[in-house]
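Undergrad: The structure is given below, and queries will be raised subsequently.
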Amino acid sequence: MIDLRLLREDPDRVRASQRARGEDVDLVDALLSADERRRSSGARFDELRAEQKLLGKRIPRAEGAEKATLLERAGELSTGVKAADAERDEAAAEAQRLLLQLGNLVHPDVPVGGEDDFTVRETHGAIRDFAAEGFEPQDHLTLGHTLGAIDTERGAKVSGSRFYYLTGVGALLELALVNAAVARATAAGFTPMLTPALVKPRAMEGTGFLGQAATDVYYLEKDDVYLVGTSEVPLAAYHMDEIIEADQLPLRYAGLSPCFRREAGSYGKDTRGIFRVHQFDKVEMFSYVAPEEAEAELERLLVWEKEWLTALELPFRVIDVASGDLGSSASRKYDCEAWIPTQGKYRELTSTSNCTEFQARRLNIRVRERGDGGGSRTRPLATLNGTLCAVPRTIVALLENHQLADGSVRVPEALRPYLGGREVLTPVTA
C-alpha cells in the first residue's frame, strides 16, 4: 500500500497514478474522506477521554449538587467516548479497505496506456532467416512431439485443457534449465529457496494478488489457502512482520516453485502447446533493499535476466511496460520478450518489477537503521522481483529458435553441462 502521509500531502500525484493505470480516481477522494473521519474521531476520542479522566479524579472529592452535576457529565462523556471510539474504528476499517484497493504509484517515466502502449528499450540477438536456410520452421508442439518431449493430449485427458506432460528429453530439458538458472542466481549472490505452493490469504493479499489479479488465482475454500501463481508471493511474505537490520541488506532470494494460474481472461489465446498453461515451474529472483536502492536494483535484476537469455542464445527485446499493464504492486516493470519464429513476434519470457515500499507496507516488513549516536529508526523497505526462468515458455523459445531442418534441436552451450554434454536433441519419431 502507499504511504497515507503522501496521499494527504500530494493527492494529485496519487490521482494521476490512478488515472495512468486506468483505475478509479474517485477512490482517492473517498480514502481522503475516510482518513479525515478517522483522524477527527480519534482526536475527539482523545479529548473526551482526557476530560473523563480528570472528571474521575474530581467526583470522589465533590459533594451535593456539584457531585450530581459531575456524575451527569460523566455519563455524557461515557456515551461520547464510546461513540467516538466506534466511529474511529469504523473509519479506520473503511480507510484500510480503500487503501488496499489503491495500486502502487506509477513511476513518472513509465509510458502511459494499455497493453500495447509499451516502449521498446533495447533489442538483442539476430532473428534467424529460416527461408535463407532452406526450410520452414516448425512450432514447438510439433517439435516436442518429434522429440518425444511434450504430451499435451494426455495432459488434457488427465487434467483438462492447458495441462501437459514433459516426457523424456523434455523432462531433462526442464531440469537442465532449472539447475542452470539456480546456478547462475547462486553465483550472483542469491540464496536458493524451495518455497511453499500454498499460502494464507494475508500473504496473497499482501503481495497485491487479490485485487485485479484475483480472477487468475486458485483458492482452496475448505482450507482457506491459495495456490501461488509465482514464488514472489512466499518470498515476499518470508519476512512478514519482521524488522531487518540495515547491514543485512540487500537480501536476495531465488525461489523455485510450481506456479498455478487460472488464465481466466485468456479464452482463445495460445491454446496450442505449452506457452500459456495452468501449471508450470519457475525460478524467480526476489530482492529486499533500502528504498533509495530500489531503482538501481531493478536495473541489476534486468541485467541478470538479459545475461540468462543471452546465454541461451535467444533473440529478445526489452520493453518498458505501460502503466495500465503493470499490475497493482509494480511501480515500474520491464519485460524481456523472446522472438518466437512460428508466431512471427516477440513474446514475454521474463519480467522484473520494482514494487518500491508497496508490498513491505502491506506485509509489515521494515528495516532498522542505526545512527552513529546509538539511536535507531525503522521504516518500510523496498521489494523487487524478477523472473529468471519460466520453464515452459523458455522451452518454447529454445525449441523454435534452435531447431534444425531434420527436426532436431541444437542445445545452447550454456545448457550442455546440464544435459550430460548433449549438443543436439534428436527426434525419437519419424
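Undergrad: Between LYS157 and THR191, what is the label-point separation in nm under the 7 Å Cα-to-beta-carbon projection?
TA: For the pair THR191/LYS157, the computed spacing is 4.5 nm.
Undergrad: If I model a spin label at THR69 and ARG368 as a point 7 Å from the Cα along the Cα→Cβ vector, what separation in nanometres do I get?
TA: That separation, rounded to one decimal, is 5.3 nm.
Undergrad: Summing +1 for each Lys or Arg and -1 for each Asp or Glu, what net charge is found among the other residues whose Cβ lies under 14 Å from the Cβ of LEU220? Intermediate results must be reported in sequence, preceding the final value.
TA: Working: positive: LYS200, LYS222, ARG262; negative: GLU221, ASP223, ASP224.
For residues surrounding LEU220, the net value is 0.
Undergrad: On to the next question. For ASP241 and THR271, compute 0.36 nm times the residue count separating them, minus their Cα-Cα distance, and round to one decimal in nm. Mind showing how you got there, number by number?
TA: On the way: separation 30, 0.36 × 30 = 10.80 nm, distance 4.11 nm.
Going from the current span to full extension adds 6.7 nm.
Undergrad: Give the share of C-alpha pairs in each 20 angstrom bin for the chain, from 0 to the last occupied bin, in whole percents, shortest bins first.
TA: For the chain, the binned pair fractions read 22, 47, 20, 7, 2, 0 percent.
Undergrad: What order do you get for ASP247, ASP270 when you list them from fewest to most C-beta neighbours inside 10 Å?
TA: Numbers: ASP247 9, ASP270 16.
In order of increasing Cβ crowding within 10 Å: ASP247, ASP270.
Undergrad: Please express the shape of the stretch 95-169 as an equivalent ellipsoid: the semi-axes are the square roots of 5 times the eigenvalues of the C-alpha gyration tensor, given largest first in whole angstrom.
TA: 39, 27, 9
Undergrad: Further question on the same structure: Can you tell me what the convex hull of the Cα atoms of the stretch 313-430 projects to on average, as an area in nm²?
TA: On the way: hull surface 48.2 nm².
With every direction weighted equally, the projected area is 12.0 nm².
Undergrad: Give me the base-10 log of I(q)/I(0) for the stretch 4-99 at each q in 0.16, 0.17, 0.24 Å⁻¹, Debye formula, one uniform scatterer per Cα, rounded to two decimals.
TA: Log10 I(q)/I(0), no solvent term: -0.71, -0.76, -1.10.
Undergrad: Could you put CYS259, CYS336 in order, starting from the residue whose Cβ has the fewest other Cβ atoms within 10 Å?
TA: Values: CYS259 22, CYS336 25.
Ascending Cβ contact count within 10 Å gives the list CYS259, CYS336.
Undergrad: Taking a 24 Å limit on the Cα-Cα distance, which of the listed pairs LYS222/LYS282; LYS53/LYS82; LYS200/LYS222; LYS200/LYS333; LYS222/LYS333 fall beyond it? Please list the in-between numbers first.
TA: Working: LYS222/LYS282 27 Å; LYS53/LYS82 14 Å; LYS200/LYS222 12 Å; LYS200/LYS333 26 Å; LYS222/LYS333 35 Å.
LYS222/LYS282; LYS200/LYS333; LYS222/LYS333, as the Cα separations exceed 24 Å there.
Undergrad: In what sequence do ILE243, ILE365 fall when counting other Cβ within 10 Å, fewest first? List each step's numbers first, then the result.
TA: Working: ILE243 13, ILE365 24.
Exposure proxy ranking, most exposed first: ILE243, ILE365.
Undergrad: Now a separate question. Note the full-extension length gain between THR167 and ALA126 as 0.36 nm times their separation in residues minus their Cα-Cα distance, in nm to one decimal. Let's see the in-between values first.
TA: Working: separation 41, 0.36 × 41 = 14.76 nm, distance 3.03 nm.
Contour length minus Cα-Cα distance gives 11.7 nm.
Undergrad: For the residue pair VAL424 and GLU36, what label-to-label distance in nm results when each label sits 7 Å from Cα along the Cα-to-beta-carbon direction?
TA: 7.5 nm
Undergrad: Mind putting a number on the dipole of the chain about its Cα centre? Charges go on the C-beta only, +1 for Lys and Arg and -1 for Asp and Glu, and I need it in Debye to the nearest 20.
TA: Working: 54 positive and 68 negative charges, 212 e Å.
Charge dipole, the chain, about its Cα centre: 1020 debye, nearest 20.
Undergrad: Count charges around GLY113 for me, please; just the other residues with Cβ under 13 Å from its Cβ, Lys/Arg as +1, Asp/Glu as -1. Display every interim value, and only then the final one.
TA: Details: positive: ARG19, ARG21; negative: GLU115, ASP116, ASP117, ASP320, ASP325.
With Lys, Arg at +1 and Asp, Glu at -1, the neighbours total -3.
Undergrad: Grab the Cα-Cα distance for THR310 and TYR219, subtract it from 0.36 nm times how many residues apart they are, and report the gain in nm with one decimal. Working shown, then result.
TA: Numbers: separation 91, 0.36 × 91 = 32.76 nm, distance 3.69 nm.
Extra length from THR310 to TYR219 when fully extended: 29.1 nm.
Laboratory data are not the source of any read-out in this text; all were calculated from the coordinates shown. Just so you know, these numbers come straight off a predicted model, no measurement behind them. No Cβ is skipped: glycine too gets one built from the backbone with ideal geometry, and neighbour counts run over all protein chains shown.
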